[in-house]
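Undergrad: Before I ask anything, here is the structure I am working with.
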Amino acid sequence: MTEQSTGVLLLVATPIGNLGDLSARAAEALRDADLVAAEDTRRARKLLSHLGVPAAGRLRSVHAHNEQESADWVVDAVRDGRCVAYVTDAGTPGISDPGERLVRACVAAGLAVDVVPGPSAVLMALVLSGFPTDRFVFEGFLPRRGTERRARLAGLVSEARTVVLYESPRRVHATLTQLLTVCGPMREVAVARELTKLHQEVWRGTLDAAVPHVELAEPRGEHVLVLAPALPAPEASDAEIDAHVTAALEEGLSTRDAAARVARDLRVPRRRTYDAAQRLKRAPS
């Protein structure tokens, strides 16, 4: 690692399962850091031991419940010219893991922040899914219950981008069942688990087949669900537009208002509905 004239907060990505995925740069960063902050110091200690890197006097705990308070000492350490390396249990800190608040605090203080990139369950599952990768959205873990969960699920119904979700083995069946309910049986999905590990599995199919699949499979490890983009709704036919416009005109709406309402209801260009309204208005009764 290059020598720093000032301190830096260094987010270090760690393996999501296979220790062989730890990069040489990540190992160097953990070896050279003045302090190593960790979501779970026990896991971090094992990782450092695997690398032959001493942990004594350098390891500090920063997890979801103390991250806000820990940001103060991290900022002070970086301001004092020290390199603070932060690791979470697996993957890149800040992605469905603590780390975001540390970054915000250092950025707000005008201090240096850098990342040592590495394994990513999001990108790995996305690429393995076989779905479009040019546009995607990462939803992380959905809210467990309530209005917010229902709203987030409803937002996926017409999502035109590939969607990546995280889910625990205990809740994956319930989440897939709800996705089946809101998105319909033929929406395609990939269910990935144990990524980079010995029993890695990526199952691909439709939501109506995914639910029984996870019922039969032993829940093991964090799951990544990749939902295919929603197919565009078929455009309304001329006959369907005529029927809706006729009904609107019979209610007493003007040509303009009937066209506007039908265009909104059927999600078609207003030009089509206005032309239909003019034609039907002139037609003999």
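FYI, it's all coordinate maths here, none of it is from the lab. What you see is a predicted model; the values in this text were computed from it and never measured. Backbone-built Cβ (ideal geometry, glycine too); neighbour counts: all protein chains shown.
Undergrad: Based on the Cβ-Cβ distance of residue 270 and residue 114, what FRET efficiency does E = 1/(1 + (r/R0)^6) give at R0 = 51 Å, to the nearest 0.05? Mind dumping the intermediate values first?
TA: Working: r = 51 Å, r/R0 = 1.00.
Once the sixth-power term is evaluated, E becomes 0.50.
Undergrad: Let me ask something else. Can you list the residues, at least 5 places off or on another chain, whose amide H is less than 5 Å from the amide H of residue 99, using H built in the peptide plane?
TA: It is 94, by chain and number.
Undergrad: Tabulate in residue order the Karplus-calculated ³J(HN,Hα) for the range 218-224, using 6.51 cos²θ - 1.76 cosθ + 1.60 with θ = phi - 60°, rounded to whole Hz; enter x for Gly and Pro.
TA: Working through the residues one at a time gives 6, x, 8, x, 5, 9, 10 Hz.
Undergrad: So who's got an amide H within less than 5 Å of the one on residue 116, skipping anything under 5 residues away but keeping other chains? H placed 1.01 Å off N, in plane.
TA: 11, 12, 13
Undergrad: Provide the packing ranking of 96-102, 184-190, 35-41, i.e. peptides ordered by the mean count of other C-beta atoms within 10 Å per residue, highest first.
TA: On the way: 96-102: 19.6, 184-190: 17.9, 35-41: 22.1.
Highest to lowest by the protection proxy: 35-41, 96-102, 184-190.
Undergrad: How are the Cα pair distances of the range 8-119 distributed, in percent, across 5 Å bins from 0?
TA: For the range 8-119, the binned pair fractions read 2, 13, 27, 28, 19, 8, 2, 0 percent.
Undergrad: Right, here's the next one. Could you work out the relative contact order of the chain? I mean the mean sequence separation of Cα pairs under 8 Å and 6+ apart, divided by the number of residues, in percent.
TA: Numbers: 491 pairs, mean separation 46.6, N = 285.
Rounded, it is 16 percent for the chain.
Undergrad: If each residue of separation counts as 0.36 nm, what is the full-extension length gain between residue 150 and residue 72 once their alpha-carbon separation is subtracted?
TA: Details: separation 78, 0.36 × 78 = 28.08 nm, distance 3.63 nm.
Full-extension gain reported as 24.5 nm.
Undergrad: Between residue 141 and residues 5 or more places away or on another chain, which pairs have amide H atoms under 5 Å apart, with H built 1.01 Å from N, and which residues are they?
TA: 166
Undergrad: Can you work out ³J(HN,Hα) from phi for every residue in the range 243-258, in order, using Karplus 6.51 cos²θ - 1.76 cosθ + 1.60 and θ = phi - 60°, giving whole Hz and x for Gly and Pro?
TA: Ordered by residue, 3J(HN,Hα) equals 5, 5, 5, 4, 4, 5, 5, 5, 7, x, 6, 6, 4, 5, 5, 5 Hz.
Undergrad: How high is the FRET efficiency between residue 196 and residue 64 when r is their beta carbon distance and R₀ equals 25 Å, given to the nearest 0.05? Mind showing how you got there, number by number?
TA: On the way: r = 24 Å, r/R0 = 0.94.
Efficiency for this residue pair is about 0.60.
Undergrad: Quick one, which of [x] 146; [y] 131; [z] 185 is the actual volume of the Cα convex hull per residue in Å³ calculated for this model?
TA: This structure yields the entry labelled [z].
Undergrad: List, in order, the whole-Hz ³J(HN,Hα) value for each residue of the range 111-116 obtained from phi through the Karplus relation with A = 6.51, B = -1.76, C = 1.60 and θ = phi - 60°; use x for Gly and Pro.
TA: Per residue, the Karplus-derived 3J(HN,Hα) values read 9, 6, 10, 9, 10, 9 Hz.
Undergrad: Over the alpha-carbon set of the range 234-285, work out the extent along each principal axis and list the three values in angstrom, largest first.
TA: Taking max minus min along each principal axis of the Cα atoms, the range 234-285 gives 31, 18, 16 Å.
Undergrad: Next question. Hey, could you grab the Kirkwood Rh for the range 93-213? Inverse mean 1/r over distinct alpha carbon pairs, Å, one decimal.
TA: Values: mean 1/r = 0.0620 Å⁻¹.
For the range 93-213, the Kirkwood estimate is 16.1 Å.
Undergrad: Expressed in nm to one decimal, what extension gain is obtained for the pair residue 186 and residue 123 from 0.36 nm per residue of sequence separation less their Cα-Cα distance?
TA: Details: separation 63, 0.36 × 63 = 22.68 nm, distance 2.39 nm.
Taking 0.36 nm per residue and subtracting the Cα distance, the gain is 20.3 nm.
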